[in-house]
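Okay, so here's the structure we're looking at.
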Amino acid sequence: MNTAEPTIDTAPTATAGIGGGKFVGIGIFCFTCLGLALLYPYNAIISATDWFEYAMPKANNIAGGLANANFIASLITTFLILAFASPKEVKEDTKGGNSKAPPIRRQSSIYETFTKGVKSALGLHARIYIGLALEALPLLVFAIIYPTPGSAIALSFIVGIGDATAQSGIFPLAGGIHPRCTAAASLGSAIAGLAAGLLRLMTKAIFGEETAEDRRISSSVYFAIAVAVLLVCNFAHYAIQK
């Protein structure tokens, strides 16, 4: 008679946390789209520097200005999210004796109350929605109007804010579901530059660059498709949330 107790496999599976395994492929695809959405807007702007240089011939190193504005915005936003969206709990241990009393929390200050409110309002899903919206809006503006050097740098700054905001929601969300989701998000970010570059080459090949009108149509279609890509990524996030 076999009296051995059955063993339970507690190792994480690739389908854990994603629809019970039924929609694992869709879940990983959705996180790949979200990873793509993080860096695609920045790469879309950088891949179109030929258009910005043509539209703003008097601007000095417009490509460098766009990149710097994006990086500075991402850095500042990341620091703000770390400061306000992750309040620390201060605990004090009692001294003496072998037993420890329950931790004592000091009275919350105005700063702590404010940071807790921000954390509650800006949950993971809210950060993703807000971040993707901030990334899509500047691309839509680029598709409609001729930018000036100042407006182009300001819009690139907004893209950086959206990038950092969405990133602070996507990777914690992916990590809380399964490591493969985090890997999928990283894969999407890795292919963002390639996707933006190929799209730019395709629009230039289709519409040409013989006249100013050709260049304008090419850039408008390019940025419009970039906005459509972000909309698809937004629907991917909605699917994950549901």
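Does Ile161 satisfy the criteria of being touching a residue at least 12 places away in the same chain (Cβ under 8 Å) and closer than 25 Å to Ile26 by Cβ? It is false that Ile161 is touching a residue at least 12 places away in the same chain (Cβ under 8 Å) and closer than 25 Å to Ile26 by Cβ.
Okay, residues lined up against (1) open to solvent by 20 Å² or more (accessible area, probe 1.4 Å); (2) out of contact with any Pro (no Cβ under 8 Å at 6 or more places or on another chain); (3) part of a helix (DSSP H, G or I); (4) over 20 Å from Ala136 (Cα atoms):
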| site | (1), (2), (3), (4) |
| --- | --- |
| Ile26 | yes, yes, yes, yes |
| Leu36 | yes, yes, yes, no |
| Leu39 | yes, yes, yes, no |
| Ala44 | no, yes, yes, no |
| Asp50 | yes, yes, yes, yes |
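Tell me the residue from Ala195, Ala174, Ala205, Ala183 that is surrounded by 18 or more Cβ atoms within 10 Å (Cβ to Cβ) and at pLDDT 90 or above, please.
Numbers: Ala174 fails: at pLDDT 90 or above; Ala205 fails: surrounded by 18 or more Cβ atoms within 10 Å (Cβ to Cβ); Ala183 fails: surrounded by 18 or more Cβ atoms within 10 Å (Cβ to Cβ).
None of the other options fit; the residue is Ala195.
For Ile81, the criteria (1) at pLDDT below 90; (2) under 29 Å from Ala224 (Cβ atoms); (3) open to solvent by less than 60 Å² (accessible area, probe 1.4 Å) hold in every case but one, which is (2). Scanning region 130-155 for residues that are touching a Leu at 6+ places or on another chain (Cβ under 6 Å) and within 17 Å of Asp50 (Cα to Cα) turns up nothing. Filtering region 143-152 for residues that are open to solvent by less than 20 Å² (accessible area, probe 1.4 Å), over 14 Å from the mean Cα position of the chain (by Cα) and of a type in the set (S, T, N, Q) leaves an empty set. Listed by first and then second residue, the pairs with beta-carbon distance under 8 Å, at least 6 apart or on different chains, first residue in region 179-190 and within 19 Å of Ser168 (Cβ to Cβ), second open to solvent by 80 Å² or more (accessible area, probe 1.4 Å) and assigned to a helix (DSSP H, G or I), are Ala184/Phe29.
The values are calculated or read from the model by the stated rules, or taken from the named source; none is laboratory data. None of these values were measured; they are calculated from a predicted model. Every residue, glycine as well, gets a Cβ built from its backbone with ideal geometry; the counts of neighbours run over all protein chains shown. Heads up: the accessible areas ignore ligands, DNA and RNA and are worked out on the full protein's heavy atoms, side chains in. Shrake-Rupley method; radii C 1.70, N 1.55, O 1.52, S 1.80 Å.
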